[in-house]
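Trainee: Input: one structure, supplied below.
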Amino acid sequence: MKTIYSAIQPSGIMTLGNYIGAVNNWRAMQSDAGNKCIFALADLHTITVRQRPEDLLKNSWSFYALLLAVGIDVSKSIVYMQSHVHQHSELAWLLNCYTYVGEMNRMTQFKDKSAKHSDNINMGLMDYPVLMAADILLYDTDLVPVGYDQLQHIEITRDIALRVNNIYGDVFKVPEGFIPKVGAKIMSLQDPESKMSKSDPNPNAVISCLDAPEVIMKKFKRAVTDSDTVIAYDPDNKAGISNLLRILAVTEGKSVEETVKSCEGLRYGDLKVRVGESVVEMLRPFQSEYARLINSMDYLAVCAKEGALKASDIAEKTLARFKSAIGFAAK
Ligand code: ATP
Ligand code: LTN
């Protein structure tokens, strides 16, 4: 049995990047009977950037419903909110004492977010990877499915786990990252050199998984490409077209090579329409399931509560094991 763990922040909107790079793979991994899957809404991570309370609350339930709408099944997987399981904060504190300030200072996401939120470079922003390490290590995780941008955080999680194990023996299982072959980095539709991000202020750059079909088509038609006319996969010189080809490959379930072949002779405009239609079709069942779930608040609350109970059972055992290894007196 392999334990799969991942999380997403309940902030902003769920983008096509989140869907393809992360949550759709979570669903796929859940259907393997050899996997035990645990998925969280990383709401404690979300407050590293200032949130309006009413938005955080609304987004938390919305993202919970989004995960179920993707096809994550609470009878097979544990789905919970991080803030409901207090062991995350406690382990993060302990791990802080085994993490160096210099390591955190070098994290790419910390540097990017500090530049973006220069008026609020709080300790939590710097400590973000340690909380993420706590999330992962609490569940004796084998694999962490994430998009490319999170790989550095998985590496530091491994470093911290190995460091603790070197001091105290085998306390933590050392996890591995799991990156999808295609789609680990979906790019912005307006600036194909940078990642499609849920906090991008330009709505044309980002497909929300809840965008109406006509909005999706319009955004793809406006996608930035290049002045050439030949459809070819060349991420360095044709970032926009290559991004569209990757999205099409995932939505049609083909390799990038097959996709390029099937687009031979098409014009850029035709490719944009084909990608748009393919994304609309992929999201159609998901959107109708979301519409049903978001009106079933009682059901969502029961699922989240059960998820938190199951998660804290596991988390408590790992936390107790580490506290005893450190030398804390038993209660
Ligand atoms: P932000 O950019 O605002 O920090 P985000 O869009 O990266 O947010 P997260 O909640 O931080 O969203 O990420 C959730 C998951 O989605 C992570 O596994 C992340 O790697 C993945 N992910 C995010 N953006 C993309 C993308 N453009 N392509 C592929 N995977 C992505
Ligand atoms: N930092 C992650 C979200 C996250 C996460 C985790 C992912 C929080 N805890 C544990 C995997 C495992 C992000 O996607 N921005």
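Trainee: Between the helical axis of 151-168 and the dominant principal axis of the chain, each derived from Cα atoms, what acute angle in degrees is found, rounded to the nearest 10?
Mentor: 20
Trainee: So, one more: With viscosity set to 0.692 mPa s at 37 °C, what whole-number translational diffusion coefficient in µm²/s follows for region 105-164 from Stokes-Einstein and a Kirkwood radius over Cα pairs?
Mentor: This corresponds to a translational diffusion coefficient of 266 µm²/s.
Trainee: Sorted by average packing, counted as other Cβ atoms within 10 angstrom per residue and highest first, what order do 185-194, 257-266 take?
Mentor: 185-194, 257-266
Trainee: Report the percentage of all Cα-Cα pairs in region 72-196 whose separation exceeds 27 Å, rounded to a whole percent.
Mentor: 24
Trainee: Order of 173-180, 35-42 by packing, highest average Cβ count within 10 Å first?
Mentor: Order by mean packing, descending: 35-42, 173-180.
Trainee: Could you tally the net charge around GLN82, taking each other residue with its Cβ under 13 Å from the Cβ of GLN82, Lys/Arg +1 and Asp/Glu -1? Could the numbers behind the result be given before it?
Mentor: Details: positive: none; negative: ASP43, GLU90, ASP135.
With Lys, Arg at +1 and Asp, Glu at -1, the neighbours total -3.
Trainee: What number does the chain give for Rg over Rh if you use C-alpha atoms and the Kirkwood radius?
Mentor: Rounded to two decimals, Rg over Rh is 0.98.
Trainee: Sticking with this one: Using every alpha carbon pair in region 1-92, what percent of pairs falls into each 10 Å bin from 0 up to the bin containing the largest distance?
Mentor: 16, 48, 31, 5, 0
Trainee: Related question: Summing Lys, Arg as +1 and Asp, Glu as -1, what charge do residues with Cβ under 10 Å from the Cβ of PRO175 carry, PRO175 excluded?
Mentor: -1
Trainee: Let me ask you something else. Give the relative contact order (percent, whole number) for the chain; include only Cα pairs under 8 Å separated by 6+ residues.
Mentor: Averaging sequence separation for qualifying contacts and normalising by length gives 23 percent for the chain.
Trainee: Using the eigenvalues of the Cα gyration tensor, what equivalent ellipsoid semi-axes result for region 232-280 when each is taken as the square root of five times the eigenvalue, whole Å, largest first? Write out the running numbers ahead of the final one.
Mentor: Working: eigenvalues 42, 29, 22 Å².
With the √(5λ) rule applied to region 232-280, the semi-axes are 14, 12, 11 Å.
Trainee: How much space per residue, in cubic angstrom, does the convex hull of the C-alpha atoms of region 185-331 take up?
Mentor: That works out to 189 Å³ per residue.
Trainee: Pairs of Cα atoms under 8 Å, at least six residues apart: use those to get the relative contact order of region 222-322, whole percent.
Mentor: Result for region 222-322 is 21 percent.
Trainee: Next question, about the same structure. Can you find, among PHE328, LEU244, VAL79, the residue farthest towards the positive end of the dipole of the chain? Put +1 on the C-beta of Lys and Arg, -1 on that of Asp and Glu.
Mentor: PHE328
Trainee: Here's a follow-up. Can you tell me which aspartates and glutamates have their Cα less than 17 Å from the Cα of LYS305? Leave out same-chain residues fewer than eight positions away.
Mentor: Leaving aside aspartates and glutamates fewer than 8 places away in the same chain, those within reach of LYS305 are ASP43, ASP73, ASP313, GLU316.
Trainee: Something else: Sticking with the crude label model, points 7 Å out along Cα→Cβ, report the distance from ASP191 to TYR233 in nm, one decimal please.
Mentor: In this crude label model, ASP191 to TYR233 measures out at 2.7 nm.
Trainee: So, one more: For a quick check, take a GNM of the chain with Cα springs below 10 Å and name the residue from ASP135, ASP32, ASP236 with the largest mean-square fluctuation.
Mentor: Most flexible of the set in this elastic network: ASP236.
Trainee: Could you calculate, for region 1-47, the ratio of the Cα radius of gyration to the Kirkwood radius, expressed as Rg to Rh?
Mentor: Ratio of gyration radius to Kirkwood radius: 1.02.
Trainee: So what's the angle, to the nearest 10 degrees on a 0 to 90 scale, between helix 297-326 and the longest Cα principal axis of the chain?
Mentor: Orientation of helix 297-326: about 50 degrees from the principal axis.
Trainee: Please give the Cα centre distance for region 152-203 versus region 16-51, rounded to the nearest Å.
Mentor: Each part reduced to its Cα centre gives a spacing of 12 Å.
Trainee: While we're looking at this one, here's another question. Taking the mean number of other Cβ atoms within 10 Å as a proxy for protection, how do you rank 115-121, 61-67, 204-210 from highest to lowest?
Mentor: The packing order, highest mean first, is 61-67, 204-210, 115-121.
Trainee: Comparing GLN51, GLN287, GLN87, which has the greatest mean-square fluctuation in the GNM of the chain with Cα pairs linked when under 10 Å apart?
Mentor: GLN51
Trainee: For the chain, what is the percent of antiparallel DSSP beta bridges, rounded to the nearest 5?
Mentor: 10
Trainee: State which entries of LYS36/LYS198; LYS198/LYS261; LYS76/LYS173; LYS181/LYS272 exceed 26 angstrom in Cα-Cα distance in the structure shown. Display every interim value, and only then the final one.
Mentor: Values: LYS36/LYS198 28 Å; LYS198/LYS261 31 Å; LYS76/LYS173 22 Å; LYS181/LYS272 22 Å.
Too far apart for the 26 Å limit: LYS36/LYS198; LYS198/LYS261.
Trainee: Give the angle, between 0 and 90 degrees and rounded to the nearest 10, that separates the Cα long axis of helix 53-70 from the longest principal axis of the Cα atoms of the chain.
Mentor: The helix 53-70 is inclined about 70 degrees to the chain.
Trainee: Right, here's the next one. What percent do you get for the relative contact order of region 149-207 when only Cα pairs under 8 Å and 6+ apart count? Please report the intermediate quantities before stating the final value.
Mentor: Values: 44 pairs, mean separation 12.7, N = 59.
Relative contact order for region 149-207 comes out at 21 percent.
Trainee: I would also like to ask the following. Sorted from largest to smallest, which semi-axis lengths in Å does the alpha carbon gyration tensor of region 149-237 give for its equivalent ellipsoid, taking the root of 5 times each eigenvalue?
Mentor: 39, 16, 11
None of the figures in this text is laboratory data; all of them are computed from the coordinates on show. Since the structure is predicted, the reported quantities are computational estimates derived from the model, not experimental observations. Cβ sites come from the backbone with ideal geometry, for glycine too, and all protein chains shown count toward neighbours.
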